[in-house]
Amino acid sequence: MLLALAALPAAASSVDLAVDPRFELLAVVAQLAGRRTADPAVEKRFGAFKEHPAVALASDLLSGAGREEAVTTTMIYLTEPPALALKDKDADIHFLNGPGHAEEMQRFLFELRRFARDTDFMTHFDAGRDARAGLEEAAKRSLAGVDPVAAIEKYLGVGLASRSHYVLLPPGATSHAFIVPYPLPPANLGAESFDAYTMSPDLGSGSFFPSVVWPEPLYVFIDPSFYYFEKLNIPEPAAFYGERVARCRAATPDCVKHLAVSAVIVHLERGLSVAAPVDAPSTPDGALIKALSDRLDEYDANRGRYPTLWHFYPRWFAVFEETAFPGRAPRKLALPAAPRIRSAADFFKPAVAEALLKAAAR
């Protein structure tokens with residue numbers, strides 16, 4: 001049911017964008033549990049099921065940001081309602097298999113399947129085909145025929161070996177994103193491709209080119225490349241990033257990567273003329289994003305010397321040390337001559353991983 005973007009050849013598109021019945025079902029149960037803005041149409045059609053066990057479980061599981069993320073993200077591993085079966089019975093879904101709320105999550109999925117059958121949810125969903133088509137077409141028009149994955153690959157000079165799935169959530173829902181398998185070494189060595197999921201109401205907001213399309217496919221490259229570059233060059237984060245950024249990095253692994261992704265997005269949108277350049281920011285993180293973006297101007301102007309962003313990493317990462325320790329002679333950052341990185345999937349080839357780790361150990 002997922003649809004290729006308008007103005008893109010279906011065979012070449014690396015993007016799906018659609019309303020998805022799994023997330024629409026979750027939105028219905030969330031509304032009945034009082035966890036999202038009320039939609040009168042949903043209340044009229046499903047209000048009689050407020051006492052269903054799935055609703056009571058949803059009220060608890062959706063009560064916190066982390067738990068809501070776990071429930072929402074788990075949907076991407078399942079087939080359409082009412083079956084909601086695991087697409088891959090061997091999938092390692094820590095939200096289902098880990099400690100804590102795993103048992104409650106399993107009970108919730110059991111009751112959610114029952115809710116979908118008891119309410120004949122798919123008949124309701126199928127009846128809204130025309131309305132959904134209008135929402136999907138409006139969201140596609142906002143992308144102006146751009147395939148975000150192709151645009152990112154062109155900018156990076158590196159293939160992503162991925163497909164991006166954009167799910168239009170109902171208004172008022174919380175945005176979430178995830179990648180399967182998650183591209184953070186040393187896990188998932190041997191992975192050859194990735195599926196990046198972005199679930200957001202902003203996709204259907206009517207705004208021109210919503211910025212939520214960029215981050216998750218970018219992380220397919222940023223996560224593994226940062227991992228190995230740090231192994232190669234940054235044994236002591238605080239001595240390189242400074243105490244503030246190092247503390248943030250220790251508390252939230254994506255902290256440094258978020259700054260880099262934000263800087264790349266500035267250049268992706270500038271290249272498409274869909275956003276104005278970012279003004280000089282007033283916060284420390286904003287200043288870092290601007291400094292990283294300014295350094296990317298050098299990359300943009302010298303693609304012959306730097307055919308990929310990976311080649312530019314020694315110059316780009318230097319921004320962190322220069323910002324944290326102004327006036328100090330920066331350390332020499334470098335990449336090994338081999339192996340060559342042509343795709344994000346290369347980082348997950350055992351031989352490439354071994355070569356990079358050996359280089360880091362020298």
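For the reader, a short list of remarks on this structure follows.
- Pair list, Cβ < 8 Å and 6+ apart or interchain, from segment 136-149 residues that are touching a residue at least 24 places away in the same chain (Cβ under 8 Å) to residues that are among the aromatic types (Phe, Trp, Tyr) and exposed (fewer than 14 other Cβ atoms within 10 Å of the Cβ): Ser142/Phe208; Ala144/Phe208
- Being assigned to a loop (DSSP other than H, G, I, E, B) and of a type in the set (S, T, N, Q) holds for only one residue in Ser63, Ser59, and it is Ser63.
- When Leu57, Leu84 are checked against the criterion of being at pLDDT 90 or above, more than 29 Å from Glu153 (Cβ to Cβ), in contact with a strand residue (DSSP E or B) (Cβ under 7 Å, 6 or more places away or on another chain) and of a type outside the set (Phe, Trp, Tyr), a single residue qualifies: Leu84.
- When Glu153 is tested against (1) in contact with a helix residue (DSSP H, G or I) (Cβ under 7 Å, 6 or more places away or on another chain); (2) within 25 Å of Phe194 (Cβ to Cβ), exactly one condition is not met: (1).
- When residues of segment 138-148 are limited to those that are surrounded by fewer than 22 Cβ atoms within 10 Å (Cβ to Cβ) and hydrophobic (A, V, I, L, M, F, W, C), the one nearest to Gly304 (Cα to Cα): Val146
- Segment 30-54, residues that are at pLDDT 95 or above and closer than 17 Å to Arg67 by Cα: Ala54
- Test: Ala191 is over 22 Å from Leu32 (Cβ atoms), in contact with a Gly (Cβ under 6 Å, 6 or more places away or on another chain) and touching a residue at least 40 places away in the same chain (Cβ under 8 Å): no
- Residue selected from segment 38-66 under the condition among the basic types (Lys, Arg) and without any contact (Cβ under 8 Å) to a residue 24 or more places away in the chain, by the criterion farthest from Ala102 (Cα to Cα): Lys44
- Matching option when the condition is in contact with a Phe, Trp or Tyr (Cβ under 8 Å, 6 or more places away or on another chain), surrounded by fewer than 20 Cβ atoms within 10 Å (Cβ to Cβ), farther than 23 Å from Val220 by Cβ and modelled with pLDDT of 95 or more, among Ala324, Ala301: Ala324
The values are calculated or read from the model by the stated rules, or taken from the named source; none is laboratory data. Please read all numbers here as calculations on a predicted model, not as lab measurements. Don't worry about glycine lacking a Cβ; one is built from the backbone with ideal geometry, like all the others, and counts go over all protein chains shown.
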